[in-house]
Amino acid sequence: MATVTNYSGATGGAASANTAVTGGTKGHRSDRARSEEHLGWMLAGPALFVMLAVTAYPMGRAVYQSLFSYRITAPDEREFIGLKNYVTVLTDSLWWTDVGTTVFITVVTVGVELVIGFAFASVMHRLIFGRRTVRTAILLPYGIITVVSAFAWRYAFDLDTGFVNSWFNLEEYAWFSHRGSAIAVIILAEIWKTTPFISLLLLAGLAQVPAELGEAAKVDGASWWQRLTKVTLPNMKAAIMVALLFRTLDAYRIFDTVFVTTNGAEDTETVSFLAYRQVIGRTAIGLGSAVSVLLFLTVLLIAVVFVKGFKTDLSQVRGD
């Protein structure tokens, strides 16, 4: 069998050449590089400012409230306790159980969505006839509101109103009364709803892979699998990273589907639902704020791990 070259170096060379033209070193940037950076700040600056203005105050307020023992039903008993709320959360087995449930749902849903999403993206990318119809059909679930989608799945698997049991001859099986089957329904609902999101991002990545690279690899005798692993995937690494990062952050904060289908019963409670239950159900503002802050820090850690793990500099990813 012919030796197959990793063709990802071709685009890397192009990026290097582009960097050389624009002045790749930070100390000797060209006028074009500075102009592009200025334009980037002009375009993204207002949105960044609005986002920080909207999120900074609630986040700071949550950090502040997490330092108090405070129930909204007893405002006069408010007491500063420092980091005791965090100690209470981190030493409680319920927190770690919910983290485990959240991580399991996240890993399974994102993993399955990546595979199915790439298959959908490949189909949409290669289609010649009926492209708009197929793309609309694939992307349709993502346009449905999450709560509406969750209700549809809940009613489909419900013991009284559902029709799924008739498919498997399970007349009296209550899907939401068992932890395993309840989590399975939640995962299925998430996969159905958000796979189009990943496929859309991966489709953009496939569009950036030069067709000449695949043709050259085919001429060299590369199989379909070799072209996929040595040509296509390496050259859409940035798109894969963005798709996985966005979807993982979203999946880890799952709330709507759990709230609608199980309401956290049968050990299906997630971290976001735990924060909701502490603040809304128990009116424990301080403890719930501590859970929210820990959730934020976990999400931040996930983002850092993804960016460092993929070692992809998104500032060097260009469409030209």
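The values are calculated or read from the model by the stated rules, or taken from the named source; none is laboratory data. Quick caveat: nothing in here was measured; it's all calculated off a predicted structure. Here Cβ is always computed from backbone atoms with ideal geometry, including for glycine, and neighbour counts include all displayed protein chains. SASA here: full protein model, heavy atoms, side chains in, ligands and nucleic acids out. Shrake-Rupley method; radii C 1.70, N 1.55, O 1.52, S 1.80 Å.
Key figures
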read-out	value
Check on Lys193, open to solvent by 50 Å² or more (accessible area, probe 1.4 Å), assigned to a helix (DSSP H, G or I) and basic (Lys, Arg)	no
Filtered residues of region 231-280 (kept if among the charged types (D, E, K, R), assigned to a loop (DSSP other than H, G, I, E, B) and open to solvent by 20 Å² or more (accessible area, probe 1.4 Å))	Arg253, Glu266, Asp267
Residues of region 50-90 that turn out to be open to solvent by 90 Å² or more (accessible area, probe 1.4 Å), closer than 29 Å to Arg247 by Cα and not in a helix (DSSP H, G or I), as a count	0
Residue in region 105-144 that is nearest to Ala239 (Cα to Cα), counting only those that are among the aromatic types (Phe, Trp, Tyr) and open to solvent by 70 Å² or more (accessible area, probe 1.4 Å)	Phe120
Residue identified as of a type in the set (Val, Ile, Thr) and either touching a Lys or Arg at 6+ places or on another chain (Cβ under 6 Å) or in contact (Cβ under 8 Å) with a residue 24 or more places away in the chain (or both) among Ile105, Ile128	Ile105
Any hit, region 200-213, residues being surrounded by fewer than 16 Cβ atoms within 10 Å (Cβ to Cβ), part of a loop (DSSP other than H, G, I, E, B), of a type in the set (A, V, I, L, M, F, W, C) and touching a residue at least 60 places away in the same chain (Cβ under 8 Å)	no
Residue in region 281-289 that is more than 17 Å from Asp98 (Cα to Cα), of a type in the set (Gly, Ala, Ser) and either open to solvent by 60 Å² or more (accessible area, probe 1.4 Å) or within 23 Å of the chain's Cα centre (by Cα) (or both) present	no
